[in-house]
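Colleague: Got a structure for you, questions after.
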Amino acid sequence: MNSIILKAAAIAFASVAASLLLTLIIVPAMGFPVTRTIWLTSTLCPLVLAWTACAGTFWQSDRLKNAHRELARAHAQLAAAHRRLAEKASRDDMTGMLNRESFFAALDGSRRKSDRGALLIIDADHFKTINDNFGHLTGDDALLLIASAIERGVRGGDVLGRIGGEEFGAFLTGATEEEAKRVAERIRREVELIRFRPVDERTIPLTVSIGGTVCGEDVNVSELMRAADRRLYQAKHAGRNLTILGTDISAAA
């Protein structure tokens, strides 16, 4: 407010000075004397009119600037809230990994950028038994431990998602077959090392079976999923707690 008053006063005084200068030039040139009334009129009129007009203009301008700043702040807050909601909507509530839809969208996006990589499907072994014997809350605890083990097993930049009740997906960006096998085995081992003791200090073994495929050229996400799922089925029926990977999409389909 003080700045508005000062700016309006400065312009008002400048207007008075200009008015007096014109009065001193024009009135004598017209043959009239510069009387006291003319002096007062030349001083008070521009002072009042200029100050009032300028103060109102500056006040409105200041209000507009403040409104613009508030609008920009509100827009930034809304954009941040939208990003948080979008991020939350893309995540599994329990594990914090991508949910099924978001995982496959990310997988499809990665496939469009590069043909290299490998897809792993990781499924907890005998998980129904844990839920049946100890309850679903205990099963949730086990699932969180398995999810943490998977996160420890993958590399930075790999894409993780929970794609089913006790089933996870991992897309290993740019991985070769050997790299994919190392990562898959590391995941399997990390889960196997878990010491899960929900009750009575008794350890309940946790293991996963993993099926995977290395991405081939011009292979879509559905074909990759079928190939990885087929190898997961093979790992389950070969005794569980196993990793089976391959590159031949058609043989696994």
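The values are calculated or read from the model by the stated rules, or taken from the named source; none is laboratory data. The structure presented is a predicted model; accordingly, all values stated were derived computationally and were not measured. Cβ sites come from the backbone with ideal geometry, for glycine too, and all protein chains shown count toward neighbours. Surface accessibility is based on the protein's heavy atoms, side chains included, excluding ligands, DNA and RNA. Shrake-Rupley method; radii C 1.70, N 1.55, O 1.52, S 1.80 Å.
Colleague: Using per-residue counts of other Cβ atoms within 10 Å, averaged over each peptide, order 121-132, 166-177 from highest down.
Modeller: Taking the mean over residues of other Cβ atoms within 10 Å, the ranking is 166-177, 121-132.
Colleague: If you roll a 1.4 Å probe over the heavy atoms of the protein chains, what accessible area per residue do you get for the stretch 97-157, in Å²? Each step should come with its number before you reach the end.
Modeller: Values: 3040 Å² over 61 residues.
Using a 1.4 Å probe on heavy atoms only, each residue of the stretch 97-157 averages 50 Å².
Colleague: Under a cut-off of 12 Å between alpha-carbon atoms, report the aspartates and glutamates in cross-link reach of K65, not counting same-chain residues fewer than 8 places apart.
Modeller: Within the straight-line cut-off, K65 pairs with nothing.
Colleague: Something else about it: Sorted by packing (mean other beta-carbon atoms within 10 Å per residue), highest first, where do 93-99, 208-214, 149-155, 134-140 land?
Modeller: Working: 93-99: 16.1, 208-214: 27.3, 149-155: 19.3, 134-140: 14.3.
Order by mean packing, descending: 208-214, 149-155, 93-99, 134-140.
Colleague: Let me ask another. Roll a 1.4 Å probe over the protein chains and send me the accessible area per residue for the stretch 171-210 in Å².
Modeller: Values: 2160 Å² over 40 residues.
Per residue, the stretch 171-210 has an accessible area of 54 Å².
Colleague: Can I ask one more? At 1.4 Å probe size, with the rest of the protein present, what percent of the exposed accessible area of the stretch 66-184 is carbon and sulfur atoms?
Modeller: Working: 3510 of 6570 Å².
In the stretch 66-184, the share of accessible area belonging to carbon and sulfur is 54 percent.
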